[in-house]
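For reference, the structure is listed below as structure tokens.
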Amino acid sequence: MTDQSKDTPFYYSQSGDTEEDKKLLEPLKYIVQCTEKHRCTKLTSVFNHWLQISHNQLQQIDDIIRIVYNTCILYDDVQDNSILRDGIPVTHNIYGLSGTISATNYAQFIAVEKALHLHPEAVKILTEHILEFNRGQGMDMYWKNNLMCPTENDYKMMAERKAGWLIKLMANLMKLFSKCEIDLSLLLNLMGFYYQIHNDYTNLCVCKDPNDKSFCDDLTEGKFSFPIIHALKYDDDREIINILKQRTTDTKIKCYCVSLLEKFGSLKYTRDTLKELNKKIRIEIDRLGGNEKLVKMLNEYENEVPYTSTEAESDVSVTKL
């Protein structure tokens, strides 16, 4: 067993050899460089406004959250056969599939090891939420692989699992050390649902270079995203379902599909849904006594989604033929 210094990366094992971990966890180090700026990796400090735990406890929980978040990103890129992640090549295209999977498996057990040292109940909580993530991710993949469109209620359950599991894990680990007894469950469910729809919308509508291989890549994956589920109710000619079936990389076809989503009112419906969820989240934040950092984060999400038709026309212009 090697003692770890404060300079040892957060994703190294507490019981292993640091020089060996340096080799085994190269894929994780690679993905961390692009995920450390993600908002969801900063949420422990945001929720500590309410839960008020010590800096040391917060740091230990933050390390666990960052490890499991990054491992899920690695799995997600493999499962979706992605090419880019935040503008850089996906990890398995640099370190290979077997090396990436091996590092991912190892890192997940490092998270379990850290949970064992954190609190007697921490491993149980970690296990429950990783199971929830895999259920949500699994259903998302099942619908894609079998070309089965879910209902909006099915999508909502998937979103609360796939996008909400991490903040629920974080909050429940923090509660192990907190004297605060406020119920955050409604807020966390709303945030998970909001984040997944926001991710679906921005994948299709935030201006990107059509020559970028990740342009509208949800369509290449054949994903039943929130706007797609709405549009399929009105697509009598079955154009959209046939585009999804092709798993196309042709940007002109993907542009045409986005124009169909606009035609059927699905992008407006998605924007309106995000606006309503945003409002509900703000009401819940106020009910819980306010949280300036969380409101600031919510403002950032809101500013990324135009709500008026003029803004919408401008935002999706790049995706039209």
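The values are calculated or read from the model by the stated rules, or taken from the named source; none is laboratory data. Everything numeric in this text was worked out from a predicted model, so none of it was measured. Counting neighbours? That spans all protein chains shown, and the Cβs are built from the backbone with ideal geometry, glycine included. To get the accessible areas, we keep the full protein, side chains included, count just its heavy atoms, and leave off ligands, DNA and RNA. Shrake-Rupley method; radii C 1.70, N 1.55, O 1.52, S 1.80 Å.
See the values below:
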item	result
Listed peptides 257-267, 117-127 by packing density, highest first (mean Cβ within 10 Å)	257-267, 117-127
Taking all pairs of distinct alpha-carbon atoms in the stretch 56-198, Kirkwood radius in angstrom	16.3 Å
Global form of the stretch 1-94, assessed from the alpha-carbon gyration tensor, a/c cut-off 1.5	oblate
Charge context of residue 103, other residues only, Cβ under 14 angstrom, K/R +1, D/E -1	-1
Ordering of 192-205, 173-186 by packing [mean C-beta count within 10 Å, highest first]	192-205, 173-186
Three-way shape label, the stretch 93-156, alpha-carbon gyration tensor, a/c 1.5	oblate
Ratio Rg/Rh [Cα only; Rh per Kirkwood] for the chain	0.98
31 Å Cα-Cα threshold exceeded, pairs from 114/293; 175/268; 114/179; 29/254; 162/245; 29/175	175/268; 29/254
Dipole magnitude (debye, nearest 20) for the stretch 1-99, charges at Cβ of Lys, Arg, Asp, Glu	360 debye
Listed residue pairs exceeding 27 Å between alpha carbons, taken from 252/280; 42/156; 233/296; 144/263; 144/279	252/280; 233/296; 144/279
Angle in degrees between helix 26-35 and the longest Cα principal axis of the chain, rounded to the nearest 10	60 degrees
The chain: most fluctuating residue of 39, 85, 135 per GNM, C-alpha cutoff 10 Å	39
Carbon/sulfur fraction of accessible area - the chain, other protein chains in place, 1.4 Å, %	51 percent
Surface accessible to a 1.4 Å probe, per residue, for the residues of the chain, Å²	48 Å²
Hz values of 3J(HN,Hα) by residue in the stretch 136-146 - Karplus curve (6.51, -1.76, 1.60), Gly and Pro given as x	x, 4, x, 5, 4, 5, 4, 4, 5, 5, 9
Accessible-area order (highest first, 1.4 angstrom probe) of the listed residues 238, 271, 247	238, 247, 271
Global geometry of the stretch 178-254, whether rounded, prolate or oblate, following the gyration tensor of its Cα atoms and the 1.5 cut on a/c	prolate
